[in-house]
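Notes follow the structure.
Every number in this text was worked out from the coordinates using simple rules, so none of it is lab data. For clarity, every value in this text was computed on a predicted model and none was experimentally measured. Cβ placement follows ideal geometry from the backbone for every residue including glycine, while neighbour counts extend to all protein chains displayed.
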Amino acid sequence: MGRYCSCLETLGRIPYASLIATIITCVGVGVFCGTLYKALTITLRDIFRDLFDFDITWLGTLQIMFVLVGVIMAILAIILLVFGFLATGSTRKNVYRGTRCIMGGRVSAAFFMGVSYILNLAWIGISSVLVIPIILYVIFSNLCTTYVLNNKRNMHECRASDFKYQNQHPSCYCVNLTHYGITRDSAFGVKNDGLCKNENLQTFCNSVSDAGPYFIAAYCGAVLIVLGMIMFMIILGANYTRIKTAKEVQDIREDLRLADITLND
């Protein structure tokens, strides 16, 4: 019976809500970092560098930044989980007993709540930005299906200039960067702004079909992180209230105990 009670007491000290939020956040961080890194690698290497001879250095830097952000988010989730353990069940009664401890717990909860709110806004922005490559993936997938995969013409006979006069050359289709705001300019380093050959278009379409699902998975990971941050904000708000009332509850219980002792005497 003693072991059973001890087991129940141990289970009562586990912050299940914080544990679930931590798992959701860590899974989201892992999915986001892994898939986005892979998607950007395909976009930078297979599409821009190999097909267009176009180097985008800031996107390479962005890859490293996202990995660092993922590590920071995982560390923060673990810290919030530890705080959840300290503010749950009998552990809260043992840790936050004095006036200074209770005040420190309230300040910590408010601080982490503010950090979670700011990070949640940031991840909402990141998830919104990830909608752009997903939309481009859908657009280019439809174009590839219509003009490349289902087109039986000999694309070697088409020139890049035919793309400008597609009404005169309905069977010719080229992927041209100038239609997306990237022109043949030394400032951009673009050496090849159009793809018209069959093998180049096939490679482009294959790269798009490879990178698209990774962008979708990265978006799902960002949504999981947003969900985890929202859960953490709710949990921290509840812990703030519990720590605030912990001292008052202890004082009331102490007064009742003294009153019982006085009545028994």
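Less than 5 angstrom separates the built amide H of Asn176 from those of Leu195, all sequence-distant by 5 or more or on a different chain. Note on Leu258 and Ile14: the model spin-label points, each 7 Å out from Cα along the C-beta direction, lie 3.9 nm apart.
Length available on full extension from Asp50 to Leu121: 0.36 nm per residue minus the Cα-Cα distance, which gives 22.0 nm.
Available extension along the chain between Ile75 and Thr146 is 20.9 nm, counting 0.36 nm per residue and deducting the alpha carbon span. A simple rule links phi to the HN-Hα coupling: the Karplus curve 6.51 cos²θ - 1.76 cosθ + 1.60 with θ = phi - 60°, which for the range 69-77 gives 4, x, 5, 5, 5, 5, 5, 5, 4 Hz, with x for Gly and Pro.
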